[in-house]
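Read the structure below first, then the notes.
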Amino acid sequence: MLVPRLLFLFVVASTAWLSPVHAASPLPLPAFTPWNTKTLEKAPDVEWIDRTQPVHSLLYTAEPYQGHPTRVFAYYASPVTLGLESAGKKYPAMVLVHGGGGTAFEKWAELYASRGYAAVAMDLAGNWQPDRQNRARLPDGGPTAEDGPKFGNPGTPDRDRWTYHAVADVMLAHSLIRSFPEVDPTQTGLTGISWGGYLTCIVAGVDWRFQAACPQYGCGFLGNNSAWRVSQLDPMKPENREYWLKMWDPSSYVGSAPMRMFFVNGSNDFAYPLDSYMKTYQLVQSPKNIRIEPAMPHGHIFAVKEVLQFFDSVFKGGAPLPKVTRASIEGGQLVAEVDCNSPLKLATLEFTGAPHLENKQRPWQARLLTIDGKTVHGDAPPAGTTAWYVTVTDEHGMMVSSEVTLP
């Protein structure tokens with residue numbers, strides 16, 4: 001895989017994105033990486049269930065689970081299936097990864113198809129939707145997405161772990177959609193929500209064929225500070241915890257991601273706190289941007305406008321999002337520089353003095369900052385601040401953030 005990857009890195013490096021700062025080379029994948037990427041890069045066998053509806057449904061062959069063959073249920077849509085355009089054109093493609101409690105979301109695939117993409121949304125819990133309304137267990141489905149298959153029995157073979165299957169299923173969905181004649185296989189994006197964001201961070205490091213990726217909420221360093229640290233990871237024997245974090249935490253893989261990445265989270269996320277989120281973000285060496293929304297709710301929110309614009313900017317010639325390239329304290333003043341194509345209309349300093357372990361409930365305060373062209377400035381955060389960041393919003397209502405500073 002070395003030669004294709006070097007070629008891909010050359011392409012990424014030759015298409016500088018937003019920031020004048022040059023990204024470092026992505027890290028090599030660790031030797032213990034459990035996925036056979038060559039196998040997963042081949043399009044799987046597919047059985048179409050329903051191609052009469054605007055959003056088609058299908059099953060594709062996946063990795064064996066506990067010695068038995070498995071298949072994955074998915075929805076597929078494009079401008080052609082929706083009747084918006086005639087066949088004969090190639091489209092960029094999106095792979096859509098649901099979070100905990102989720103499934104293959106028909107409306108998510110339809111949303112991207114309505115915007116000019118081909119899109120596939122798969123179920124990663126061994127379920128399917130035979131009537132498009134209700135979920136049922138797929139007779140040949142893989143592991144469920146409950147905590148047991150994710151964290152449970154330390155004697156479970158790697159290939160029977162939920163994370164192993166979920167990552168493989170996403171890669172196979174990518175291979176499948178790239179094989180469709182109406183898809184441009186050189187223009188593919190990946191986005192996931194919550195546990196889907198966790199998977200996006202892993203897949204971005206393992207599947208180098210994507211050109212852009214957006215993890216929403218999900219991140220790595222689950223053993224440091226996450227919704228599962230106390231309930232699942234801390235009770236493990238030290239050697240089992242160490243092995244789980246090495247094999248299945250996104251921090252082992254996301255630094256190998258070579259594509260453009262856009263990270264989206266809320267200031268008070270209950271599952272993926274900002275200290276772990278920033279450690280994950282800082283591992284990424286490829287061009288990246290970030291959006292931390294004050295008190296953003298956690299859920300399967302498909303239409304975050306900045307996420308849609310991010311992918312449009314990569315694949316459809318859309319305007320790039322602004323990017324805060326620097327935010328620092330100088331002589332008691334906060335100064336931030338912004339790379340933007342459109343004038344800024346709002347800038348704020350967001351800060352809190354509460355501990356990181358109280359991420360869900362800790363209060364944040366906001367101060368307006370002064371905008372001077374592509375520079376914003378104002379008073380520094382007060383003494384005792386434990387986390388702060390800058391948000392900027394352009395005249396089109398697109399909001400992004402600086403990295404979160406954790407003094």
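Numbers for the structure displayed
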| quantity | calculated |
| --- | --- |
| Val338 vs. criteria in contact (Cβ under 8 Å) with a residue 60 or more places away in the chain, surrounded by 18 or more Cβ atoms within 10 Å (Cβ to Cβ), outside any loop (DSSP other than H, G, I, E, B) and β-branched (Val, Ile, Thr) | no |
| The range 109-152, subset over 29 Å from Pro235 (Cα atoms) and among the aromatic types (Phe, Trp, Tyr), residue most open to solvent (accessible area, probe 1.4 Å) | Trp128 |
| Close pairs (8 angstrom Cβ cut-off, 6 or more residues apart or separate chains): under 17 Å from Thr191 (Cα atoms) in the range 241-259, open to solvent by less than 10 Å² (accessible area, probe 1.4 Å) and among the aromatic types (Phe, Trp, Tyr) anywhere | Pro250/Tyr198; Met259/Phe210 |
| Close pairs (7 angstrom Cβ cut-off, 6 or more residues apart or separate chains): in contact (Cβ under 8 Å) with a residue 60 or more places away in the chain and part of a helix (DSSP H, G or I) in the range 296-318, open to solvent by less than 20 Å² (accessible area, probe 1.4 Å) and of a type in the set (Ser, Thr, Tyr) anywhere | Val307/Thr191 |
| Check on Thr186, β-branched (Val, Ile, Thr), out of contact with any Gly (no Cβ under 9 Å at 6 or more places or on another chain), open to solvent by 10 Å² or more (accessible area, probe 1.4 Å) and within 22 Å of Ala31 (Cβ to Cβ) | no |
| Unique match (being more than 18 Å from Phe263 (Cα to Cα) and either among the small types (Gly, Ala, Ser) or open to solvent by less than 30 Å² (accessible area, probe 1.4 Å) (or both)) among Val400, Val392, Val404, Val376 | Val376 |
| Matching option when the condition is touching an Asp or Glu at 6+ places or on another chain (Cβ under 6 Å) and either among the hydroxyl-bearing types (Ser, Thr, Tyr) or over 23 Å from Pro297 (Cα atoms) (or both), among Ser342, Ser402 | Ser342 |
| Index of the failed condition, Leu6 passing every other in (1) hydrophobic (A, V, I, L, M, F, W, C); (2) modelled with pLDDT of 95 or more; (3) surrounded by fewer than 18 Cβ atoms within 10 Å (Cβ to Cβ); (4) under 30 Å from Glu403 (Cα atoms) | (2) |
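The values are calculated or read from the model by the stated rules, or taken from the named source; none is laboratory data. Since the model is a prediction, treat every value here as computed from it, not as a measurement. Methodologically, a virtual Cβ is constructed for each residue, glycine included, from the backbone with ideal geometry; neighbour enumeration extends over all protein chains shown. Protein only, heavy atoms only, side chains kept; ligands, DNA and RNA dropped before computing areas. Shrake-Rupley method; radii C 1.70, N 1.55, O 1.52, S 1.80 Å.
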